[in-house]
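Take a look at the structure set out below.
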Amino acid sequence: MNSFSILYPENYERPDHEPLKSPEFFSDLNLDQITQAITRYKADYHLNAVFYMPFYEMGPIRYRQEIMQDLENPELRSVFHTFAQSQMAMREHLVQLDKMYYPYQQKAWFLDAVKLYQDAVDQLLEGIKVFPFRSRGLIRFREYLESYVASAAYKALSADTAKMKEALSGIRYSLRIKGNRIDVRPYYDEADYSQDVRRTFEKFRQDTAKSYLVRFSLGPDLNSLEGRILAGVAQLHPDVFSNLDRYCVQHEDYVDETLAIFDREIQFYLATLEFIDTLRQRGLPFSYPLVSSSRNVSVQEAFDLALAHKLSEEKAEIVSNDLLVKDPERIVIVSGPNQGGKTTFSRMVGQLHYLAQLGCPVPGRNAHLMLCDKILTHFEKEEHSESLHGKLEDDLLRVRDILSEATSQSLIILNEIFTSTSLQDASFLSYRILEHIIDRDALCVWVTFIDELASFNAKTLSMVAKGVPENPALRTYKLVRKPADGLAYALAIAEKHRVSYKWLKERIL
């Protein structure tokens with residue numbers, strides 16, 4: 001039987017190892033917050049690395065989307081949850097086993113762990129065998145599971161486990177207690193007087209009487225007396241316990257490697273959909289995007305996923321926005337008042353493209369996104385005292401690195417660069433950078449205070465953070481396609497803080 005992965009399609013060339021750290025732009029786009037929120041209840045599965053590995057081909061993206069869509073069915077998801085819980089119980093058995101002192105107790109727990117595994121596998125096949133899968137990944141997994149359960153190795157494991165459990169459950173012995181001595185003896189069908197004793201003393205029972213029962217330890221390990229009794233029982237039944245020895249050696253590696261990999265990989269899908277479900281309950285939309293090499297990008301009712309998760313926990317309102325970029329447009333110039341949602345919008349665009357390339361549903365409706373070869377970001381960072389460069393020089397160096405990497409299939413996100421210099425210098429530098437981005441024909445979202453960039457040429461489009469019509473100083477966190485009008489916002493802010501011409505004149509006079 002050939003092993004396979006439900007994270008990667010057949011013949012996909014996987015990297016030799018999973019990355020241990022996130023890409024550089026992860027924190028800029030708050031993707032680290034999203035990953036943490038998705039995986040916080042799945043720490044044992046070490047899923048973070050999966051979120052660091054986007055696809056750069058449509059095939060594997062579609063492969064994962066198909067599996068996600070099959071798993072939208074709650075009944076199917078429940079089957080895989082049950083399997084995961086059984087596997088977790090099995091692993092806990094094995095961990096506990098290593099802490100035990102008495103060898104035959106360890107072997108009995110090993111037998112129980114195998115039985116848990118076997119029952120989980122059988123129940124999993126029973127749960128999925130008639131499900132109408134549409135995804136190639138889950139269809140192939142079912143075929144693999146059917147082949148595995150029908151294999152001679154698995155049948156031998158099941159038969160040996162059943163035979164061993166039956167042999168151990170058939171053991172009978174008796175204890176002879178005299179003073180401080182306990183003898184373990186064979187059981188010769190002696191009479192069981194426990195029921196007679198119970199019936200005799202039933203008439204003296206008083207429910208409200210003080211209990212003098214001794215509480216024994218409920219831990220899994222045996223005490224020394226129990227351990228010595230077990231050793232005595234093993235001497236009485238040498239054939240059964242020698243068979244148990246052979247069983248443990250023969251089936252030491254009983255867990256199928258492909259099923260162990262599946263148990264981890266399915267958690268990527270389950271954890272993602274569980275996270276999304278909490279936001280869908282708030283009425284927020286998610287969709288499976290169409291991803292292509294086209295730079296015509298569109299999505300309706302999209303939102304910043306990290307912010308939405310935070311606001312959802314706080315029961316606060318979540319604002320969505322639309323995006324439409326159509327030929328020959330390439331560069332979205334985002335302007336408007338501070339705290340108007342511009343940075344959130346730029347992060348949203350980056351999140352949409354990255355999540356799409358993981359094969360995940362994205363926040364929003366009717367999403368058509370670009371298949372990026374790189375996502376390159378420049379967000380404001382704190383100036384470090386140990387840096388040998390000034391703030392402006394740092395900005396220029398970072399932008400230079402971005403432009404050196406960018407291609408026509410890259411997504412560039414620039415957020416408020418050149419704020420440390422004069423407007424004249426910032427405008428000059430921004431125009432030069434804009435020319436380089438246009439030359440590369442890259443897709444770009446640029447949050448800036450320089451409104452004039454929006455009207456550079458046909459490849460630029462303007463989106464403006466919208467205020468309340470009656471009071472432009474109030475934020476709606478909505479962004480709309482319209483010419484930049486920073487002056488109107490400046491006047492509104494000046495009016496709000498009573499430093500407009502009218503207020504200054506009144507104070508002076």
Counting only residues that are in contact (Cβ under 8 Å) with a residue 40 or more places away in the chain, buried (at least 18 other Cβ atoms within 10 Å of the Cβ) and more than 18 Å from the chain's Cα centre (by Cα), region 301-318 contains a total of 2
Just give me the residues in region 465-509 being assigned to a strand (DSSP E or B), modelled with pLDDT of 75 or more and surrounded by fewer than 16 Cβ atoms within 10 Å (Cβ to Cβ), in sequence order.
-> Val468, Leu474, Thr476, Val480, Arg481
What are the pairs, 6+ residues apart or on separate chains, where a residue within region 32-47 that is small (Gly, Ala, Ser) has its Cβ under 9 Å from a residue that is in a helix (DSSP H, G or I)?
-> Ala37/Phe275; Ala37/Leu305; Ala37/Ala306; Ala37/His309; Ala37/Lys310
Scan Asp122, Asp160 and give me the residue that is touching a residue at least 60 places away in the same chain (Cβ under 8 Å) and either assigned to a loop (DSSP other than H, G, I, E, B) or over 23 Å from the mean Cα position of the chain (by Cα) (or both).
-> Asp160
With respect to Ser430, is the statement that it is small (Gly, Ala, Ser), modelled with pLDDT of 90 or more and either in a strand (DSSP E or B) or touching a Lys or Arg at 6+ places or on another chain (Cβ under 9 Å) (or both) true?
-> no
Scanning region 53-110 residue by residue, those buried (at least 17 other Cβ atoms within 10 Å of the Cβ) and in contact with a Pro (Cβ under 6 Å, 6 or more places away or on another chain) turn out to be Pro60, Tyr63
Test result for Gln69, in contact with a Ser or Thr (Cβ under 9 Å, 6 or more places away or on another chain) and either modelled with pLDDT of 95 or more or assigned to a helix (DSSP H, G or I) (or both) | yes
(1) modelled with pLDDT under 95; (2) of a type in the set (D, E, K, R); (3) part of a helix (DSSP H, G or I) all hold for Glu317 apart from (3)
In this structure, is Pro15 without any contact (Cβ under 8 Å) to a residue 40 or more places away in the chain, closer than 30 Å to Val349 by Cα and either part of a helix (DSSP H, G or I) or more than 19 Å from the chain's Cα centre (by Cα) (or both)?
-> yes
What do you reckon, is Ser427 farther than 20 Å from His378 by Cβ, touching a residue at least 12 places away in the same chain (Cβ under 8 Å) and polar (S, T, N, Q)?
-> no
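Quick grid of which residues meet (1) surrounded by 22 or more Cβ atoms within 10 Å (Cβ to Cβ); (2) over 30 Å from Leu270 (Cα atoms); (3) not assigned by TED's automatic domain parsing to the domain that holds Met463:
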position: Leu324; (1), (2), (3): no, yes, no
position: Glu329; (1), (2), (3): no, yes, no
position: Val334; (1), (2), (3): yes, yes, no
position: Phe345; (1), (2), (3): yes, no, no
position: Gly350; (1), (2), (3): yes, no, no
position: Leu369; (1), (2), (3): yes, no, no
position: Ile375; (1), (2), (3): yes, no, no
position: Gly390; (1), (2), (3): no, yes, no
position: Asp395; (1), (2), (3): yes, yes, no
Residue satisfying condition, being in the same structural domain as Asp277 (by TED's automatic domain parsing), hydrophobic (A, V, I, L, M, F, W, C) and not in a helix (DSSP H, G or I), within set Phe80, Phe141, Phe133 = Phe133
Given region 186-300, what helices (runs of 4 or more DSSP H) lie entirely inside it while holding 2 or more residues that are surrounded by 10 or more Cβ atoms within 10 Å (Cβ to Cβ) and modelled with pLDDT of 95 or more?
-> 238-250, 257-280
Working carefully through the options Ser422, Ser430, find the one that is of a type in the set (Ser, Thr, Tyr) and buried (at least 22 other Cβ atoms within 10 Å of the Cβ).
-> Ser430
Would a scan of region 23-32 turn up a residue that is of a type outside the set (Asp, Glu), outside any loop (DSSP other than H, G, I, E, B) and under 16 Å from the mean Cα position of the chain (by Cα)?
-> yes
Please work out if Val121 is within 19 Å of Val255 (Cβ to Cβ), in the same structural domain as Ala162 (by TED's automatic domain parsing), surrounded by 17 or more Cβ atoms within 10 Å (Cβ to Cβ) and among the β-branched types (Val, Ile, Thr).
-> yes
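The values are calculated or read from the model by the stated rules, or taken from the named source; none is laboratory data. Since this is a predicted model, take the numbers as computed values, not measurements. Here the Cβ is made from the backbone with ideal geometry for all residues, glycine too, and neighbour counts use every protein chain on show.
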